[in-house]
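Step one of this worksheet: look at the structure below.
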There are 2 protein chains.
Amino acid sequence: MKLKPILSALLLTAARLSASAQNTDSLELRKIYDEALVNGKAYESLHYLCKNIGQRISGSDNAQKAVEWGKKLMESYGFDKVYLQPIMVPHWVRGEKEQGFIINGKTRTPVALVALGMSVATPKEGITAEVIELHSLKELETLGADKIKGKIVFFNRPFDERFIEAGSAYGTAGDQRNLGPGAASKYGAVAVIVRSLTSALDNYPHTGATNYGTNTPIPAAALSTIAANKLSETIKAANGKPVQFFLKDNCQTLPDAPSFNVVGELTGTENPNQFITVGGHLDSWDLAEGAHDDGTGVMQSAEVLRIFKATGYRPKHTLRAVFFMNEENGGRGGKKYAELAAQNKEEHIAAIETDEGGFTPRGFSFQGASPEFLKQINANWRSLFAPYEADMLVAGGSGSDIGPLKGTQPSAVLIGFRPDSQRYFDIHHTPNDVFENVNKRELELGAASIASLVYLIDQHGLKF
Amino acid sequence: MKLKPILSALLLTAARLSASAQNTDSLELRKIYDEALVNGKAYESLHYLCKNIGQRISGSDNAQKAVEWGKKLMESYGFDKVYLQPIMVPHWVRGEKEQGFIINGKTRTPVALVALGMSVATPKEGITAEVIELHSLKELETLGADKIKGKIVFFNRPFDERFIEAGSAYGTAGDQRNLGPGAASKYGAVAVIVRSLTSALDNYPHTGATNYGTNTPIPAAALSTIAANKLSETIKAANGKPVQFFLKDNCQTLPDAPSFNVVGELTGTENPNQFITVGGHLDSWDLAEGAHDDGTGVMQSAEVLRIFKATGYRPKHTLRAVFFMNEENGGRGGKKYAELAAQNKEEHIAAIETDEGGFTPRGFSFQGASPEFLKQINANWRSLFAPYEADMLVAGGSGSDIGPLKGTQPSAVLIGFRPDSQRYFDIHHTPNDVFENVNKRELELGAASIASLVYLIDQHGLKF
């Protein structure tokens with residue numbers, strides 16, 4: 001009976017300590033958000049990247065300019081270390097503007113299309129062939145080589161609009177672009193055209209990488225959704241009579257080119273060889289400014305460290321901002337980063353990737369998180385994020401640049417930043433991915449959310 | 001002791017019943033979202049309203065066109081009743097394009113500005129006077145009539161960027177526009193110019209109503225944020241030397257004009273005289289298409305009832321979609337609606353207003369909600385909204401059109417639909433409030449969220 005009051009007192013002290021830790025954390029988060037919203041630099045830096053450098057596909061002169069500028073930017077922020085990690089990257093060039101026509105009897109209707117990234121060229125005179133409309137890769141198998149050989153395969157499965165997150169619709173429609181051309185080649189198709197991966201009904205085709213695997217590369221292009229509907233209607237109206245398609249592109253894959261990841265660090269005061277990494281990718285597709293994909297991600301990554309400098313927070317662990325190179329068509333930067341981490345015997349506690357656009361933050365997804373981990377992290381931290389409306393802490397993917405760390409840093413928790421997903425695929429991989437489509441506050445709120453998570457991990461770890 | 005197993009069994013049954021109710025609800029919500037996302041009509045209807053009718057300020061021909069079209073639209077959706085509620089509305093017209101100049105010595109610099117709604121005209125030759133920069137209405141008091149008399153008062157307090165919700169920044173800066181001109185008039189100011197109510201740094205001035213109260217009306221206009229900064233810098237650089245401003249507008253308030261609220265109903269099967277109302281406002285400012293303000297709100301209101309028609313759901317209570325008239329400069333539609341509700345002895349269980357833009361839904365705010373109410377509604381319904389990421393059920397405002405119901409329907413729960421707030425004040429009351437700035441899925445998700453809440457209220461009431 002004597003123990004009881006003592007136990008109560010101890011519990012009370014523990015509760016007070018925990019309440020006071022919560023209070024310290026909540027004050028620190030408020031500081032982080034204030035710094036991002038009042039003195040944020042991400043937006044003006046993004047403006048420079050988009051307007052003074054612009055498109056920066058791997059291997060291009062602009063990619064090199066972006067690397068040099070990115071290094072200078074992080075140096076100007078006063079980080080403890082800023083350096084480059086050399087890599088070799090694929091060097092694909094689009095060449096002249098692609099051409100596409102629907103040929104229905106004597107009618108040739110030009111349509112909006114762009115070659116997929118890594119596509120090979122058509123013969124100089126283009127390819128004309130009968131087009132066959134499919135809705136899944138499985139249909140290739142069902143139909144077999146007899147029906148596919150010599151034809152242009154048209155994958156036309158639209159986004160499933162029932163998904164609440166647009167990223168899920170992208171994920172489930174994506175095989176048509178990623179794997180469709182390689183798969184159709186196996187069955188003797190001469191080219192592949194794919195419906196653009198978007199909900200938007202407009203005339204902007206969306207590029208994006210295709211991966212032929214070990215199959216013979218064949219020319220591959222994306223149609224705008226309006227063009228895809230037009231082609232589908234034409235085929236339907238032809239009522240069994242063959243409809244042809246003309247495709248011409250002169251894409252080329254040049255020899256691999258030298259490039260770099262750009263890395264900035266704030267050295268940890270207690271555990272300098274333990275790392276918390278935040279990254280996005282510096283390369284972009286060649287059609288626009290790569291504003292949301294992924295200019296916002298790299299600018300947020302640098303901003304996270306800048307916020308800590310500005311608020312005077314000294315991290316226990318070393319914090320890294322990484323501008324990965326070559327996410328779009330090869331992932332060489334991410335692979336190299338993981339390789340070097342192993343080589344240098346670094347220990348990564350956590351890595352956070354921001355590559356889903358600079359939209360209003362909703363929370364984070366934790367790769368391979370157990371129900372117990374999710375329960376604990378929500379019990380401990382959700383209420384801290386709630387005032388900022390960025391408190392979805394869920395299981396899910398992280399990102400393709402930090403993904404390779406899974407192999408070399410088994411104890412690292414891989415985390416994906418989750419912004420609102422609705423607008424991303426309207427502009428993703430199109431000429432509309434420009435600075436004007438980024439909202440300053442959304443970008444800044446995202447940076448603050450990521451910085452908040454980094455702060456909490458730095459303070460309390462992730463051992464739930 | 002005998003009772004125990006029986007009680008357990010009863011509790012188990014209750015738990016099962018409750019689980020099965022939750023399951024029914026969750027299936028119904030999924031149906032609602034699927035209908036909105038796959039067969040939604042809100043986006044194409046909004047396109048018509050924006051592009052074929054356009055701006056529709058109270059008393060204008062376009063407002064009348066919008067009323068007639070709105071009625072036809074709801075009739076075409078097959079609602080049980082569609083009718084008009086006649087009202088008289090203020091009829092303010094902007095007249096010729098306003099002019100504004102900063103006059104600094106011999107330099108006249110033209111700036112982007114628009115008259116505030118309900119502003120009076122300047123003399124034909126305009127007003128030229130010394131400008132005095134203030135940051136709050138309180139400063140009028142501090143300075144007194146001596147310092148204000150004969151001057152143009154320039155209210156230049158920017159948005160406080162530390163707010164997470166942009167609506168809070170709007171709310172706290174808004175007195176400068178709403179009340180500033182009337183207050184400055186009391187101290188003898190000859191005109192008022194106000195910094196536009198936005199975070200965006202650009203050259204688009206934002207209009208919006210001013211309310212002179214019982215004070216003598218003086219001309220009032222909003223400067224773009226770039227113009228406001230320019231004027232402030234000019235005053236600062238003049239270092240005490242007076243800077244003048246020239247303002248010219250010929251706004252006019254004509255006699256009140258006849259107009260209408262448009263009302264559509266699905267009659268309740270069990271309690272037809274108990275109402276759940278969803279509404280937005282049909283009128284808009286005269287500068288653009290009123291896409292987000294509040295074309296999205298009216299289209300969502302009609303869509304909610306259309307969804308129930310399409311899914312075959314028969315409501316127990318009568319559901320109403322209301323297109324309120326004159327929210328922007330008078331609120332006559334909202335007042336009339338409340339008046340008629342009382343006159344017709346209607347009982348409103350709940351009213352939901354959607355007038356914060358057609359952005360990604362985040363949840364709902366419940367006006368005057370007690371902590372216990374919030375606790376219960378979250379315990380009962382939050383998990384149902386969580387899969388749709390629209391599960392913020394919080395205390396807060398509802399809206400100015402349903403606000404008057406507070407007086408005549410004391411038991412009605414007044415609810416505000418809460419979409420993401422970050423982009424709204426970039427375009428609010430400017431020429432950029434156009435259809436192109438609305439995202440189809442965001443609009444549809446909002447309609448589905450509201451329909452889901454209406455469904456839950458219809459099934460379970462709001463007696464927490």
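The values are calculated or read from the model by the stated rules, or taken from the named source; none is laboratory data. No experiment lies behind these values; they were computed from the predicted model shown. Here the Cβ is made from the backbone with ideal geometry for all residues, glycine too, and neighbour counts use every protein chain on show. The area values use the complete protein model at the heavy-atom level, side chains included, leaving out ligands, DNA and RNA. Shrake-Rupley method; radii C 1.70, N 1.55, O 1.52, S 1.80 Å.
For B:PRO242, the criteria (1) open to solvent by 10 Å² or more (accessible area, probe 1.4 Å); (2) touching a Ser or Thr at 6+ places or on another chain (Cβ under 8 Å) hold in every case but one, which is (2). Among the residues of the stretch A:42-56, those that are touching a Leu at 6+ places or on another chain (Cβ under 9 Å) and either within 13 Å of chain B (Cβ to nearest Cβ) or not in a helix (DSSP H, G or I) (or both) comprise A:TYR43, A:GLN55, A:ARG56. Among the criteria (1) surrounded by fewer than 24 Cβ atoms within 10 Å (Cβ to Cβ); (2) more than 23 Å from A:GLY268 (Cβ to Cβ), the one A:ASN326 does not fulfil is (1). Within the stretch B:415-433, the set of residues being in contact with a His (Cβ under 9 Å, 6 or more places away or on another chain) and away from chain A (no Cβ under 14 Å) comprises B:HIS429, B:THR430, B:ASP433. Can you say whether A:GLU353 is more than 18 Å from A:ILE53 (Cβ to Cβ), in contact (Cβ under 8 Å) with a residue 12 or more places away in the chain and in contact with a helix residue (DSSP H, G or I) (Cβ under 8 Å, 6 or more places away or on another chain), as far as the supplied structure shows? Against the criterion (more than 18 Å from A:ILE53 (Cβ to Cβ), in contact (Cβ under 8 Å) with a residue 12 or more places away in the chain and in contact with a helix residue (DSSP H, G or I) (Cβ under 8 Å, 6 or more places away or on another chain)), A:GLU353 qualifies. In contact (Cβ under 8 Å) with a residue 40 or more places away in the chain and not in a strand (DSSP E or B): does that describe A:ASP256? Here the answer is no, as A:ASP256 does not meet what is asked.
Residues being buried (at least 24 other Cβ atoms within 10 Å of the Cβ), in contact with a Lys or Arg (Cβ under 8 Å, 6 or more places away or on another chain) and more than 14 Å from chain B (Cβ to nearest Cβ): count how many of those fall in the stretch A:390-413. Residues flagged as buried (at least 24 other Cβ atoms within 10 Å of the Cβ), in contact with a Lys or Arg (Cβ under 8 Å, 6 or more places away or on another chain) and more than 14 Å from chain B (Cβ to nearest Cβ) within the stretch A:390-413 amount to 1.
Take the conditions (1) closer than 29 Å to A:ARG441 by Cα; (2) within 14 Å of another protein chain (Cβ to nearest Cβ); B:SER452 misses just one of them, which is (1).
Summed over the stretch B:57-77, residues that are under 20 Å from the mean Cα position of the chain (by Cα), surrounded by fewer than 23 Cβ atoms within 10 Å (Cβ to Cβ) and not in a helix (DSSP H, G or I) total 1.
Is it true that B:ARG441 is assigned by TED's automatic domain parsing to the domain that holds B:GLU347, within 18 Å of the chain's Cα centre (by Cα) and surrounded by 24 or more Cβ atoms within 10 Å (Cβ to Cβ)? Here the answer is no, as B:ARG441 does not meet what is asked. Among the conditions (1) surrounded by 16 or more Cβ atoms within 10 Å (Cβ to Cβ); (2) in the same structural domain as B:ARG441 (by TED's automatic domain parsing), B:THR128 misses just one, which is (2). Which members of the stretch A:414-433 meet the condition of being acidic (Asp, Glu) and surrounded by 22 or more Cβ atoms within 10 Å (Cβ to Cβ)? Matches in the stretch A:414-433: A:ASP420, A:ASP433.
In the set (1) more than 30 Å from B:GLY333 (Cβ to Cβ); (2) open to solvent by 20 Å² or more (accessible area, probe 1.4 Å), the condition left unmet by B:ARG94 is number (1).
Take the residues in the stretch A:197-225 that are free of Cβ contacts under 8 Å to residues at least 40 places away in the same chain and away from chain B (no Cβ under 14 Å); name whichever of them is surrounded by the fewest Cβ atoms within 10 Å (Cβ to Cβ). Among those that are free of Cβ contacts under 8 Å to residues at least 40 places away in the same chain and away from chain B (no Cβ under 14 Å), it is A:THR214. Is it true that B:GLU436 is within 13 Å of chain A (Cβ to nearest Cβ), in a helix (DSSP H, G or I), crowded, with 21+ Cβ neighbours inside 10 Å and not β-branched (Val, Ile, Thr)? Criteria not met by B:GLU436.
Taken together, the residues in the stretch A:22-38 that are open to solvent by less than 70 Å² (accessible area, probe 1.4 Å) and within 13 Å of chain B (Cβ to nearest Cβ) amount to 7.
Residues are listed down the side, and each one gets a yes or a no for (1) in contact (Cβ under 8 Å) with a residue 24 or more places away in the chain; (2) aromatic (Phe, Trp, Tyr):
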residue	(1), (2)
A:LEU340	yes, no
A:ILE349	yes, no
A:PHE359	yes, yes
A:GLU372	yes, no
A:ILE377	yes, no
A:GLY396	yes, no
A:LEU405	yes, no
A:PRO410	no, no
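Among residues belonging to the stretch A:305-323 that are open to solvent by 30 Å² or more (accessible area, probe 1.4 Å) and small (Gly, Ala, Ser), point out the one that is farthest from A:ILE427 (Cα to Cα). Restricting to residues being open to solvent by 30 Å² or more (accessible area, probe 1.4 Å) and small (Gly, Ala, Ser), the top hit is A:GLY312. Does A:SER119 fit the bill of being of a type in the set (Gly, Ala, Ser), touching a residue at least 60 places away in the same chain (Cβ under 8 Å) and closer than 22 Å to A:GLY334 by Cβ? For A:SER119, the condition - of a type in the set (Gly, Ala, Ser), touching a residue at least 60 places away in the same chain (Cβ under 8 Å) and closer than 22 Å to A:GLY334 by Cβ - is not met.
Restricting the stretch B:348-386 to residues that are within 12 Å of another protein chain (Cβ to nearest Cβ) and in contact with a Lys or Arg (Cβ under 8 Å, 6 or more places away or on another chain) leaves a set whose member that is surrounded by the most Cβ atoms within 10 Å (Cβ to Cβ) is B:PRO361. Name the residue that is surrounded by the fewest Cβ atoms within 10 Å (Cβ to Cβ), counting only residues in the stretch A:150-173 that are touching a Leu at 6+ places or on another chain (Cβ under 7 Å) and within 9 Å of chain B (Cβ to nearest Cβ). Result: A:ARG162. Look at (1) touching an Asp or Glu at 6+ places or on another chain (Cβ under 9 Å); (2) aliphatic (A, V, I, L, M); (3) not in a strand (DSSP E or B) and you find that B:VAL89 fails only one, number (3). Of everything listed in (1) within 14 Å of another protein chain (Cβ to nearest Cβ); (2) open to solvent by 40 Å² or more (accessible area, probe 1.4 Å), the single unmet condition for A:ASP146 is (1).
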